[in-house]
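First up is the structure itself, then whatever we jot down about it.
The values are calculated or read from the model by the stated rules, or taken from the named source; none is laboratory data. These numbers come from a predicted model, not from an experiment. Glycine gets a Cβ as well: all are built from the backbone with ideal geometry, and neighbour counts include every protein chain shown.
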Amino acid sequence: MPFDKIYKYTVPISLDFGPGAIEGLAKALPRLGTSRPLFVCDKGIRECGLLDIATQALNSDAAEYSTFDGIASNPREENVLEALGVYQDEACNGIVAIGGGSVIDAAKGVGLLASNQGDLDTFDILDGGAAKITNKPPPLVAVPTTAGTGSEVSRGALIITTREGVTRKMIAASPLLVPQHAILDPSLTLSLPPLLTAGSGMDAICHAIEEYLSPRSHPVVESIALGALERLAQALPRVMKDPANLTGRGQMLMGAMMAGIGFEKGLGVGHSMSHAIGALHDIHHGALNATLLPACFEFNRNEIPEEAATRLCDTIGIERQSQDTPLDSLIAWAKALNEDFTIPQRLRDIGVPGEDREILIELAMADHCHRTNPRRCEKADMEELWERAW
Ligand SMILES: [Fe+2]
């Protein structure tokens, strides 16, 4: 890395990791000054009993808490506002987010609006919103129940807003939005169904790959991203075959969290397109990234140095055919994973309508992730990605 400037990095927060770590919630909340938490989740988390496990971890019949289970699978502004209403009406003083990235992102939105003046779009990073997040949100404990988004350690929250008929994913990002504490308990992920395990796991794998390939110089994240990828690439096929494999589930949670630490190195063009599609269609974010991954490798072919592609192959443990370039091997590996996990190979097959081409390309261009893509991405380039992936 060139020594022509001062580099500034942020590497976060306190974590409890291991089977049964959820029991630590009773100690974590008072330490953060929270006597009445709002538990934020979605209906699925309540129905499968994970919300009960979390509230029972408070260890006291007299414990006071509130719950809100209305977060959608791609979180929307109205979900955040509804949860905020409960937070304020019931005089809560901290939040426990138990769920996937959507729930954790929505909980960050609740905390943001509970402590700062303005609506969600006020804080969009594309409009200089980061500087407007000046007040510290209430304490947030993140309890991920999927191994994917890394939102439990990240500073970002993606929430769908609609203004004057335009729907998109706004992004709030600030060090103040990083949860104060995260509980990574692999036993909470054992009941995750195969498609969600695969989708969220592929999301984490895409994070690690896009971070590693991002041209932004960040040696800390470069190492973390490779460490994350090694864990994830080995553990995901294992837990898909054997969902009760606690060690594999733990490796997935650890890898996804590590990749979450890496966001500040930047993601790539695949995430710009998946964010765009996710704003208009209720399709799983991780599955979208998985579908896009082979096309993204192809799209970036001339800008991925052979050394970097070789390093990725070695990290993943790909046994290369001698006639293949390392990039060809990566593409074959990504396609084979999708096939094994029954994730569609093309956007058209995962439910993205062709008539949305123009609006999705426009939304993807407005997303910030492609700015750290290895290949510079103008509108014509994004059109090319669409053609490759749709
Ligand atoms: Fe993602």
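Exactly one residue out of Ala182, Ala208, Ala204 is in contact with an Asp or Glu (Cβ under 6 Å, 6 or more places away or on another chain) and either surrounded by 24 or more Cβ atoms within 10 Å (Cβ to Cβ) or modelled with pLDDT of 95 or more (or both), and it is Ala182.
Among the residues of the stretch 158-191, the ones that are closer than 19 Å to Leu360 by Cβ and hydrophobic (A, V, I, L, M, F, W, C) come to 6 in all.
Taking the criterion of being in contact with a helix residue (DSSP H, G or I) (Cβ under 8 Å, 6 or more places away or on another chain), under 23 Å from Gly260 (Cβ atoms) and surrounded by fewer than 16 Cβ atoms within 10 Å (Cβ to Cβ), the residues of the stretch 88-137 that qualify are Leu126, Lys136. Determine whether Ser66 is in the same structural domain as Arg163 (by TED's automatic domain parsing), at pLDDT below 95 and hydroxyl-bearing (Ser, Thr, Tyr). No, not satisfied.
The listed residues are Gly128, Gly85, Gly101, Gly111, and the only one of them that is modelled with pLDDT under 95, away from the ligand (no atom under 16 Å from the Cβ) and in the same structural domain as Leu184 (by TED's automatic domain parsing) turns out to be Gly128. Contact map, the stretch 366-390: first residue more than 25 Å from Val221 (Cβ to Cβ), second residue in a loop (DSSP other than H, G, I, E, B), Cβ cut-off under 9 Å, separation 6 or more or different chains; pairs are Ala389/Arg346; Ala389/Val352; Trp390/Arg346; Trp390/Val352.
Output the number of the condition that Ser322 fails; it satisfies all remaining conditions of (1) more than 23 Å from Arg168 (Cα to Cα); (2) touching a strand residue (DSSP E or B) at 6+ places or on another chain (Cβ under 7 Å). The failed condition is (2).
For Cys48, the conditions (1) within 16 Å of Gly24 (Cα to Cα); (2) touching a residue at least 12 places away in the same chain (Cβ under 8 Å) are fulfilled apart from (1). Listed by first and then second residue, the pairs linking a residue in the stretch 205-230 that is closer than 18 Å to Arg371 by Cβ to a residue that is among the acidic types (Asp, Glu) and surrounded by 24 or more Cβ atoms within 10 Å (Cβ to Cβ), with Cβ atoms under 7 Å apart and 6 or more places separating them unless they lie on different chains, are Val221/Glu211; Ala225/Glu211.
For (1) away from the ligand (no atom under 16 Å from the Cβ); (2) touching a strand residue (DSSP E or B) at 6+ places or on another chain (Cβ under 7 Å); (3) at negative phi, each residue gets a yes or a no:
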residue: Leu158; (1), (2), (3): no, yes, yes
residue: Met170; (1), (2), (3): no, yes, yes
residue: Pro175; (1), (2), (3): yes, no, yes
residue: Pro179; (1), (2), (3): yes, yes, yes
residue: Ile183; (1), (2), (3): yes, yes, yes
residue: Ser187; (1), (2), (3): yes, no, yes
residue: Leu190; (1), (2), (3): yes, no, yes
residue: Pro194; (1), (2), (3): yes, no, yes
residue: Ala198; (1), (2), (3): no, no, yes
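Which of the following residues is aromatic (Phe, Trp, Tyr), crowded, with 17+ Cβ neighbours inside 10 Å and over 26 Å from Lys132 (Cα atoms): Phe3, Phe68?
None of the others qualify; the one that does is Phe68.
When the residues of the stretch 233-288 are filtered to those that are outside any helix (DSSP H, G or I) and within 16 Å of the ligand (Cβ to nearest atom), the one that is surrounded by the most Cβ atoms within 10 Å (Cβ to Cβ) is Gly268.
So that you can scan it fast, the table gives a plain yes or no per residue for (1) within 17 Å of Gly99 (Cα to Cα); (2) modelled with pLDDT under 95; (3) part of a loop (DSSP other than H, G, I, E, B):
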| residue | (1), (2), (3) |
| --- | --- |
| Pro138 | no, no, yes |
| Ala142 | yes, no, no |
| Ile160 | no, yes, no |
| Met170 | no, yes, no |
| Leu188 | yes, no, no |
| Ser191 | yes, yes, yes |
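Within the stretch 299-351, which residues are assigned to a loop (DSSP other than H, G, I, E, B), among the basic types (Lys, Arg) and touching a Phe, Trp or Tyr at 6+ places or on another chain (Cβ under 9 Å)? The answer is Arg346, and nothing else. In the set Ser151, Ser191, Ser174, only one residue is small (Gly, Ala, Ser) and either surrounded by fewer than 16 Cβ atoms within 10 Å (Cβ to Cβ) or not assigned by TED's automatic domain parsing to the domain that holds Thr67 (or both); that residue is Ser191. Going by the structure shown, is Leu196 crowded, with 23+ Cβ neighbours inside 10 Å and of a type outside the set (Phe, Trp, Tyr)? Here the answer is no, as Leu196 does not meet what is asked.
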